[in-house]
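The values are calculated or read from the model by the stated rules, or taken from the named source; none is laboratory data. Everything numeric in this text was worked out from a predicted model, so none of it was measured. Using ideal geometry, Cβ is built from the backbone for each residue, glycine included, and neighbour counts are taken over all protein chains shown. Remember, those area values only see protein heavy atoms, side chains included, never the ligands or the DNA or RNA. Shrake-Rupley method; radii C 1.70, N 1.55, O 1.52, S 1.80 Å.
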Amino acid sequence: MSLPYNQRTCYCGEVSAEHVGKSAILVGWVANRRDLGGMVFIDLRDREGTVQVKIDSDTDPQAHQIAHRLRNEFCIALRGDVVARPEKMVNTDMRTGAVEIIGREIEVLSESETPKFAVDDEIETNEEVRLKYRFLDLRRPRLQNAIRTRHRLTKVLRDYFDGEGFVEIETPFLTRSTPEGARDFLVPSRVQLGHFYALPQSPQLFKQLLMMSGFDKYMQIVRCFRDEDLRADRQPEFTQLDVEMSFVQPENIINVIEGCMVAVMREIHGIEVPRPFPRMSYAQAMADYGIDRPDTRYDLRLIDVTEIAQKTGFKVFTEAVDAGGVVRAIRLPGGAEMPRKKLDALTEELKGIGAGGLPLVKVAADGDKLIFETGVAKFFSPELTAETATAMKAEPGDVLFFSADTETNVCKYLSWLRQTIAQRRGLIPEGLWNFLWVLDFPMFEYSTEDGRHYAMHHPFTAPLDEDIPLLDDDNPGKCRAKAYDIVLNGTELGGGSIRIHRADVQEKVFQLLDIGPAEQRHKFGFLLDALKYGPPPHGGIALGLDRMVMLLAGLESLRDTIAFPKTHRAVCMLTEAPGTVATEQLDELGIRLVNPPDA
Ligand code: ASP
C-alpha cells in the first residue's frame, strides 16, 4: 500500500472551498476521464458525489502516467492538493464545482472491465441489464439517493414510534399462512416431510397475539411475502411499517399515523403538513371519485345523472339503468377545444379496459342559454339539457363525459378517465401533498363468479358496532368495517382496521367467508384459542415502506427504492433466482417434480 487509502481525508463529494490549500487523500471510482495529452482530467466519484481531479504531466509525471491508463469504474486512491477553480471554470451544477484537486499520486486499487452501461443518471439503459449488474447500477447517484432516503425514512419511523412508547418486535418468517388475499410462498420442511411453512403475507396474526400478550403498542419494519400475479409495480417481497395497539378505536390509530407522517414530511422534505388530514367515507370516495383512493389534488368529480339520463331515451343510458346500473358524468372545463383525434383516442383506450364507448357532449352558449353539441347531444331535449347543465354546473367550452353501466364499471371507467385527463392535460398541481383518510369500508366483497363473499380487508377486521346485527342478515354485504386507508396523492399508502376481539364474532365472520368450523380450527385454532383468554380490544395498520420511499424521493418505480429488487416476473436478474436445485436436495425434502425443467 503506497497510498494510505484507509486514511481518506473526506468524501469526494464533500470537498469544498474550506479545503482549499490543503492536501487530500480521496478514494472512489473513475466516473469520467478526459485525456488532453499533457493533462488528464478525472471525475472521481464516491457515495457523496464527484470531484474533478487534474493531473499534469510536467509537474507530476508519475501520476500522469497512471492517470493516462485509467478507465471508467477503476477503483483508485489519490493524494492531491485542493485548489480553487479559476472563476470562469466554476461549475455551479456540481456540489464541488468551486474547487478541483491537483492530483499528485494515484494508486489503482482495482481495475474494472468496461461496464455494460454507463454509470450515469442521464443514460437510459434497459432495466433488465441494469438489474443484472445491480452492483454497478447502484453506483448511480439517483439510486444511492433513493437507498439513503429509505434509510433516513426508517430511522425517522423508528425514532418516532420509540418516542410514542412503541416496542419493535420481530415475528417469524417461517410460519403458517396469514391470509391477505394473495397466494403463499411455501417452504418445505425437511424434518417433517410433507409439511410446509408459509412465508407471512403480513405479521397480522402475530401482532394481534402480541396485543393479547399485553405489549399494548407494537411496531415493526418488516418484510412481507405475497405470491401475486405481478402487476407492473409490485414486488413478491416488500416491506411494511406494521403497527398494532390495544384499547383503541380508529381515532387512536389515525392520530398516531398522522403524527408519524407529519414527522416524516418534516424530516425528509422540511414540510409542515397540516393536521388533521381530511377524511372521507368509502361510499363518498366511490360516489365522487369512483375509486377508494382518490387523488384530491384536482377536482373533476363524478356527478350522478342516472335520473336525467333515463329520460333521454338514449339506448345506452336507458338499458344500463333498466339493468340496475347507473349513469355518471365528468365535466372537463375547457375540454371542448380537445381535438376529435384525442377524444377518439380516449374512447379507444376506454374500450381497451372494457367500456362500451365514451358518450360525450360539448357545451356551448346560444345567447344566454346553454346548448349541447356533437356526440350524444341530440338525445338531450332543451329541458334535459338545462337540467343536466345545472346538475353538472356546466359552462360554455366544457365537455361532459358520460358512463352508463353497472356501478362498479362506471366507477372503474370514470376514475380511469379522471386520472388520465388530469395527467395529460397537466391539471395536477405540483408540490401538493394531499393526505386523506378513507373510512368505513364494506366488510365484504361479493364475487358473482365464485358465488361467495370475500373479506375486503382481511378476515380479522371488526364490523362497525352498529352494523354487527347485519352479520345475521341475509345481506351482510351492507355491513361496514372499522377499517381505514391512508391515501397520499391518489396512492394508497396503507390500511388497517380495528380487529375482532370476540371469539363468537370472529367465528361468525369466518362462517360468512365460507370458512367452516373444521377449517377454522385447522387454520386459525391458535387465534381462536387466544381469543378465549382476555383479549384486549385492539387494532392497527400497515403502510407500504417501498411505496412511501418512492413518493418521498419522487421516483417512478418501486424497484428503484429496493437495493436488490425483482422484475415483474418475480425474477432476481442478478442471482438468477428462482433457480433449479439438485435432485439430492429435493430427495431430502421428499419432493418429486411433476414437470422437471430442462437441465
Ligand atoms: N395486515 C394488514 C395488511 O398487511 C394491515 C393491518 O390490518 O394492520 O394489509
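For the residues 563, 570, 553, the requirement of being farther than 21 Å from residue 461 by Cβ and under 15 Å from the mean Cα position of the chain (by Cα) singles out 553. The residue pairs whose first member lies in the range 100-112 and is under 11 Å from residue 64 (Cβ atoms) and among the β-branched types (Val, Ile, Thr), whose second member is in a strand (DSSP E or B) and open to solvent by 30 Å² or more (accessible area, probe 1.4 Å), and whose beta carbons are closer than 9 Å, counting only pairs six or more residues apart or on different chains, are 106/79.
Within the range 173-201, restricting attention to residues that are at pLDDT 95 or above and either over 24 Å from residue 590 (Cα atoms) or of a type in the set (Asp, Glu) (or both), the residue that is most open to solvent (accessible area, probe 1.4 Å) is 184.
Checked against (1) out of contact with any His (no Cβ under 9 Å at 6 or more places or on another chain); (2) buried (at least 22 other Cβ atoms within 10 Å of the Cβ), residue 462 passes all but condition (1).
In the range 226-235, the residue that is nearest to residue 174 (Cα to Cα) out of those that are open to solvent by 20 Å² or more (accessible area, probe 1.4 Å) and more than 10 Å from the ligand (Cβ to nearest atom) is 227. Go through the residues of the range 203-215 one by one and say whether even a single one is part of a loop (DSSP other than H, G, I, E, B), among the hydrophobic types (A, V, I, L, M, F, W, C) and either in contact with a helix residue (DSSP H, G or I) (Cβ under 7 Å, 6 or more places away or on another chain) or free of Cβ contacts under 8 Å to residues at least 60 places away in the same chain (or both). Among the residues of the range 203-215, at least one is part of a loop (DSSP other than H, G, I, E, B), among the hydrophobic types (A, V, I, L, M, F, W, C) and either in contact with a helix residue (DSSP H, G or I) (Cβ under 7 Å, 6 or more places away or on another chain) or free of Cβ contacts under 8 Å to residues at least 60 places away in the same chain (or both), which makes the answer yes. Just one of (1) away from the ligand (no atom under 11 Å from the Cβ); (2) more than 20 Å from residue 436 (Cα to Cα); (3) open to solvent by 20 Å² or more (accessible area, probe 1.4 Å); (4) hydrophobic (A, V, I, L, M, F, W, C) fails for residue 238. It is (1). With more than 20 Å from the chain's Cα centre (by Cα) and more than 16 Å from the ligand (Cβ to nearest atom) as the only criterion, which of 250, 276 stands out? Just one listed residue meets the conditions, 276. The set of residues from the range 472-502 being surrounded by fewer than 19 Cβ atoms within 10 Å (Cβ to Cβ), more than 23 Å from residue 253 (Cβ to Cβ) and over 31 Å from the mean Cα position of the chain (by Cα) comprises 472, 473, 474, 475.
Within the range 270-285, the residues that satisfy the criterion of being modelled with pLDDT of 95 or more and either out of contact with any helix residue (DSSP H, G or I) (no Cβ under 6 Å at 6 or more places or on another chain) or among the small types (Gly, Ala, Ser) (or both) are 272, 274, 276, 278, 279, 280, 281, 282, 283, 284, 285. For the range 385-397, a residue qualifies if it is touching a helix residue (DSSP H, G or I) at 6+ places or on another chain (Cβ under 6 Å) and open to solvent by less than 50 Å² (accessible area, probe 1.4 Å), and the qualifying residues are 388, 397.
The rows are residues; the columns are (1) within 35 Å of the chain's Cα centre (by Cα); (2) farther than 30 Å from residue 437 by Cα.
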site	(1), (2)
295	yes, no
303	yes, no
325	yes, no
328	yes, no
349	yes, yes
365	no, yes
370	no, yes
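Condition first: open to solvent by 60 Å² or more (accessible area, probe 1.4 Å) and more than 16 Å from the ligand (Cβ to nearest atom). Now tell me which residues in the range 253-269 satisfy that. Within the range 253-269, 266, 267, 269 meet the criteria.
Enumerate the strands (runs of 3 or more DSSP E) found wholly within the range 359-414, keeping only those where 2 or more residues are within 17 Å of residue 308 (Cα to Cα) and charged (D, E, K, R). Hits in the range 359-414: none.
Return a yes/no flag: does the range 446-453 have any residue that is assigned to a strand (DSSP E or B), modelled with pLDDT under 95 and over 22 Å from residue 321 (Cα atoms). Yes, the conditions are met somewhere in the range 446-453. Looking only at the range 174-202, how many residues end up being of a type in the set (Gly, Ala, Ser), in a loop (DSSP other than H, G, I, E, B) and closer than 20 Å to residue 520 by Cβ? Of the residues in the range 174-202, 3 are of a type in the set (Gly, Ala, Ser), in a loop (DSSP other than H, G, I, E, B) and closer than 20 Å to residue 520 by Cβ. Looking at the range 520-538, can you tell me whether even one residue there is part of a loop (DSSP other than H, G, I, E, B), over 27 Å from residue 484 (Cα atoms) and open to solvent by 30 Å² or more (accessible area, probe 1.4 Å)? Yes, the range 520-538 has at least one match.
Candidates in the range 217-258 are the residues that are in contact with a helix residue (DSSP H, G or I) (Cβ under 7 Å, 6 or more places away or on another chain) and of a type outside the set (A, V, I, L, M, F, W, C); of these, the one that is farthest from residue 147 (Cα to Cα) is 246. Say we look at the range 203-225 and pick out the residues that are of a type outside the set (A, V, I, L, M, F, W, C) and buried (at least 21 other Cβ atoms within 10 Å of the Cβ); which of these is nearest to the ligand (Cβ to nearest atom)? Of everything passing the filter in the range 203-225, 204 is nearest to the ligand (Cβ to nearest atom). When residue 433 is tested against (1) without any contact (Cβ under 8 Å) to a residue 12 or more places away in the chain; (2) in contact with a helix residue (DSSP H, G or I) (Cβ under 9 Å, 6 or more places away or on another chain), just one condition goes unmet, and that condition is (1). Does the range 560-567 contain any residue that is away from the ligand (no atom under 16 Å from the Cβ), in a loop (DSSP other than H, G, I, E, B) and in contact with a strand residue (DSSP E or B) (Cβ under 6 Å, 6 or more places away or on another chain)? Taking every residue of the range 560-567 in turn, at least one turns out to be away from the ligand (no atom under 16 Å from the Cβ), in a loop (DSSP other than H, G, I, E, B) and in contact with a strand residue (DSSP E or B) (Cβ under 6 Å, 6 or more places away or on another chain). Within the range 229-247, does at least one residue satisfy the condition of being aliphatic (A, V, I, L, M) and touching a Phe, Trp or Tyr at 6+ places or on another chain (Cβ under 6 Å)? Within the range 229-247, none of the residues are aliphatic (A, V, I, L, M) and touching a Phe, Trp or Tyr at 6+ places or on another chain (Cβ under 6 Å).
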